[in-house]
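Reviewing the structure listed below.
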């Protein structure tokens, strides 16, 4: 793991400037929708979150200090409805789902300052959501909307981030000729966070997680484990969600 002295600037962030006006919208399943200016946000009590920032690319920046109102304080003002289960944080097409429980909301900060200075545009200004989460893709630059919802199926943050650094592999994109191997079958103790709880995969009643190291040439339509065959329903970073293939009924003998 490489240690850096400051956060890098990615090519996609270069040239960004801070707009003259910025509004943070809090809506969805709330009793009191909000549209907050930067001046209105400054009235909320400021919290400081000190944490190392670790990226799945293989680097870390130790000892960062983020400052801004806590997410839970903004949500308290908006008054979430009882059926709301997630806060979906929006920045254009980038969306991250935060569970509305004590662990999900713990210490999450909508930051406008970093290390005692105003946050700059390439690193997320005017507003960046940060939390103690070990997953770097849970940090949302240029935060513009917080939507309260009962499901998190529209979360895209992990997929966008992992695709950008080449960690999201679709079975159809693996190299032809590689041997296919299913290394674990349900339950699987994979390296990624609880994808279902974060809303990054659909919650299905029946199915298995299979971790696939590679695939055979041509790309499988289905996978096999023992005597059971499985249809591939989706994959995230090489962890593949499958469902048992329904066996075809044998044709009845003619009368």
Can you run down the residue pairs with Cβ atoms below 8 Å, 6 or more apart or on separate chains, where the first is in region 130-150 and assigned by TED's automatic domain parsing to the domain that holds residue 61 and the partner is assigned to a helix (DSSP H, G or I) and surrounded by fewer than 21 Cβ atoms within 10 Å (Cβ to Cβ)? 137/160; 137/162; 141/13; 141/123; 146/74
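Hey, any hits in region 110-121 for a residue that's modelled with pLDDT under 95, in contact with a helix residue (DSSP H, G or I) (Cβ under 7 Å, 6 or more places away or on another chain) and either assigned to a strand (DSSP E or B) or assigned by TED's automatic domain parsing to the domain that holds residue 35 (or both)?
No; the residues of region 110-121 include none that is modelled with pLDDT under 95, in contact with a helix residue (DSSP H, G or I) (Cβ under 7 Å, 6 or more places away or on another chain) and either assigned to a strand (DSSP E or B) or assigned by TED's automatic domain parsing to the domain that holds residue 35 (or both).
For residue 143, indicate whether it is at pLDDT 90 or above and under 23 Å from residue 7 (Cα atoms).
yes
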Residue in region 54-92 that is surrounded by the most Cβ atoms within 10 Å (Cβ to Cβ), counting only those that are touching a helix residue (DSSP H, G or I) at 6+ places or on another chain (Cβ under 7 Å) and within 30 Å of residue 3 (Cα to Cα): 71
Here, helices (runs of 4 or more DSSP H) confined to region 1-106 with at least 3 residues that are in the same structural domain as residue 146 (by TED's automatic domain parsing), under 27 Å from residue 154 (Cβ atoms) and modelled with pLDDT under 90 are 102-105
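The values are calculated or read from the model by the stated rules, or taken from the named source; none is laboratory data. Being a predicted model, the structure only gives us computed values, none of them experimental. Quick reminder, even Gly has a Cβ in these numbers, built from the backbone with ideal geometry, and neighbours come from all protein chains shown.
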